[in-house]
Amino acid sequence: MALKYTPEVIEHFTHPQNVGELEHPDATATEGSPACGDMVTFTIKVNPDTHILEDIKFRSYGCASNIATASMATVLSKGKTIEEVKAFHPKVVAERLGGLPAIKMHCSVLAVNGLKAAIKQWEIAHGLATEEEIQLNEQTIRRLLKGVINPETGRSIVSMGMVNYIKIEGGKVYVEVSLQGTDPMYAANIREEVTEKLESMKCIQEMIVRILERDKFEMGADNGEKTASDKSKAMTEGGEA
C-alpha cells in the first residue's frame, strides 16, 4: 500500500535543506545503520562562547521520510543554542512536517537522536560532558529500546508496554517483545529495530530477540524460567519456537 505523505514531507524530500558535509566540523555523529535501511550523519559547528549551533549539514542514506526529517531537524536547530536543541522531541519534527505515517515515525527519532549525539560529542570535546560508562542492566536496555517505534502506531514499544521480558547473563542479553495486537507483518521490522539498538552497545556479546503474538508468558516463580500460561506463537529467527 502506498504511503501518503504531506506536502511538507514531499517538499523537504525533493528540496532538502542543509544537505552535505561541513568542512572541519566541530562534531560529527551518525545514527542508524544501512543494514536496517536508514542512516543519517550530522556535522555541526557551534559557537564556543554563545553555544549557538551556527551551522549544520546532514547526509542521509534512506527513504523519503529519513531525508525529510533530517532536513527539518537542521532547519529547526540552526541558530538555536545547544540546550534548546537538546530539548527537542521527535514529535516536534514530525509535527512541523505535517505528520508522518506511523510506520515512518522512527525516522524522526533517528534524526533527533543523531543531532543530539553530535551535540554530545561537541560537549565532550569542550569538557562540558564526559563519556558515559554504560552499565549493562535492564534499566539501560529499556532506555535504549525507547527509540524503537511500533510501525503500526508510531509509538515507542516501551511506552506501549510491549517489552515484557529482559534477561542479562554476563554479556548475553535476552529480550522478549509482545506484539499486543500489532499486525504480525511488522514483527520482522520491530525485531530489526530492537537488534540494531542492542548492537550499538559494544559490551553485549550475544543477543536473542523474540517477538510474541500475545502477552501470555510469565516468569517461573522458582527458577526464573519462562512458562506459557496460554498457547502463543513465538516468532524467532528460525521460525516458530
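So, in region 70-129, of the ones that are at pLDDT 95 or above and in contact with an Asp or Glu (Cβ under 6 Å, 6 or more places away or on another chain), which residue ends up surrounded by the fewest Cβ atoms within 10 Å (Cβ to Cβ)?
Step by step, filter region 70-129, then rank; the result is 98.
Identify, by number, the condition in (1) without any contact (Cβ under 8 Å) to a residue 60 or more places away in the chain; (2) more than 29 Å from residue 63 (Cβ to Cβ); (3) out of contact with any strand residue (DSSP E or B) (no Cβ under 9 Å at 6 or more places or on another chain) that residue 203 doesn't meet.
Among (1) without any contact (Cβ under 8 Å) to a residue 60 or more places away in the chain; (2) more than 29 Å from residue 63 (Cβ to Cβ); (3) out of contact with any strand residue (DSSP E or B) (no Cβ under 9 Å at 6 or more places or on another chain), residue 203 violates only (1).
Looking at region 156-213, which of its residues are hydrophobic (A, V, I, L, M, F, W, C), crowded, with 16+ Cβ neighbours inside 10 Å and over 19 Å from the mean Cα position of the chain (by Cα)?
Passing the criteria: only 212.
Assigned by TED's automatic domain parsing to the domain that holds residue 207 and of a type in the set (Ser, Thr, Tyr): is that true of residue 153 in this structure?
On the way: assigned by TED's automatic domain parsing to the domain that holds residue 207: yes; of a type in the set (Ser, Thr, Tyr): yes.
Criteria met by residue 153.
The values are calculated or read from the model by the stated rules, or taken from the named source; none is laboratory data. The structure presented is a predicted model; accordingly, all values stated were derived computationally and were not measured. Here the Cβ is made from the backbone with ideal geometry for all residues, glycine too, and neighbour counts use every protein chain on show.
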